[in-house]
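The values are calculated or read from the model by the stated rules, or taken from the named source; none is laboratory data. Being a predicted model, the structure only gives us computed values, none of them experimental. Positions of Cβ are backbone-derived with ideal geometry, glycine not excepted, and every protein chain shown enters the neighbour counts. For accessibility, only protein heavy atoms count, side chains too; no ligands or nucleic acids. Shrake-Rupley method; radii C 1.70, N 1.55, O 1.52, S 1.80 Å.
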Amino acid sequence: MSQPAKPWVIGNWKMNLDRRAAETLAKEVADDPACGAVIRVGLAPPFPYLERVAEILGHGPVTLLGQDLHSEPRGAYTGSVSGPMLRDMGVTHVLVGHSERRRLHGEDDDMIRRKITAAVKAGLTPVVCVGEDLAQRESQRAMTTITAQVEAALPADGWPGQGEILVAYEPVWAIGTGHVAGREQVAEIHAGIRRLLPGHARILYGGSVDPDNAASLAREEEIDGLLVGSASLSAASFLAIVRATTQA
Ligand code: PGA
């Protein structure tokens, strides 16, 4: 890991689990001594389960994240959830610009920048997700694409103060496909992203992370943590990733 700060492992549950399964999983993570000892663990449950998961996590070391937020703090936006509402639920961090939001909900760089600003205004730390698709990678445009995404995401007046800056590099072709990016591929992109951001930025990798590849990824200097989708839906595999990262 490139900095002395603790590495992250974040579970993004997406639109999965029911209430009971969410409670059970949150309890198993909250009760595991590995979570919080030498790494920072976070959970991003679906909105309806946030309050219950917040109760389960209590004042423990596991961080609660939102999966998305609206760019406005309130108003006539049926179905949306704002930054202040997430804060109210005990959320401290929020994913912004996940490729599923970009692709399936038509979120462009401008919208993502507005969401980042809204998150910061609400006192939330955004975890800004970037990543190239397969066509962009195959035409050698991965870094250009990511540079454009990161630069577009930067708030106009720069990142506020020394606040946490978290970016997740998630190549679209690696998400939910079982095709994890190679360590060297990831390291190269992370180094490129790092050059665009203040020195204290933390850069996570996501895309088909599982208990078998987590240790090797986590050992890579350039990788400050992991963002886990499918493998975060069972306590066994998520905690195996947490342990692998702890030992890396
Ligand atoms: P995956 O998802 O681990 O299922 O590939 C990662 C993500 O979308 O954050």
Using DSSP to call loops (not H, G, I, E or B), can you name the trypsin sites (Lys or Arg not before Pro) in the stretch 172-211 whose Cβ has at most 16 other Cβ atoms within 10 angstrom? none
Can you send over the solvent-accessible area of L233, 1.4 Å probe, protein chains only, in Å² to the nearest 10? 50
What is the gain in length, in nm to one decimal, between A34 and R141 on full extension, counting 0.36 nm per residue of separation less the C-alpha to C-alpha distance? 34.7 nm
Accessible area (Å², 1.4 Å probe, nearest 10) - M143: 60
Please give the per residue accessible area of the chain, computed with a probe of 1.4 Å over protein heavy atoms only, in Å². 45
Work out from phi, with θ = phi - 60° and the Karplus expression 6.51 cos²θ - 1.76 cosθ + 1.60, the ³J(HN,Hα) of each residue of the stretch 34-47, listed in order in whole Hz, and give x for Gly and Pro. 5, 6, x, 5, 10, 9, 9, 9, x, 10, 10, x, x, 3
Carbon and sulfur: what percent of the chain's accessible surface (1.4 Å probe)? 51
Once you mark the GluC sites (Glu not before Pro) that are in a DSSP loop and have at most 15 other Cβ atoms within 10 Å, what is the longest gap between them in the chain? 1-163
For the stretch 27-143: rounded, prolate or oblate by the Cα gyration tensor [a/c cutoff 1.5]: oblate
Classify the chain as rounded, prolate or oblate from the Cα gyration tensor: take a ≥ b ≥ c as the square roots of its eigenvalues, call it rounded if a/c is under 1.5, otherwise prolate when a/b beats b/c and oblate if not. rounded
Among L233, Q140, A214, whose Cα sits farthest toward the positive end of the charge dipole of the chain (+1 at Cβ of Lys/Arg, -1 at Cβ of Asp/Glu, about the Cα centre)? L233
For a test of the definition: using alpha carbon positions, the gyration tensor, and the 1.5 limit on a/c, classify the stretch 1-48 as rounded, prolate or oblate. oblate
Please list the non-local residues whose amide H lies under 5 Å from the amide H of V94, H modeled 1.01 Å from N, same-chain partners needing a gap of 5 or more. G66, T125, V127
Amide hydrogen neighbours beyond the local backbone of G11, cut-off 5 Å, H modeled: G42, L43, A44, V228
Would you kindly derive the ³J(HN,Hα) couplings of the stretch 95-107 from the backbone phi angles with the Karplus curve 6.51 cos²θ - 1.76 cosθ + 1.60 (θ = phi - 60°), listing them in order in whole Hz, with x for Gly and Pro? 6, 9, x, 3, 4, 5, 6, 4, 7, 8, 10, x, 7
Based solely on its DSSP helices, what 222 nm [θ] is calculated for the chain when runs of n ≥ 4 H residues each add -39,500 (n - 2.57) and the sum is averaged over all residues, nearest 500 deg cm²/dmol? -11000 deg cm²/dmol
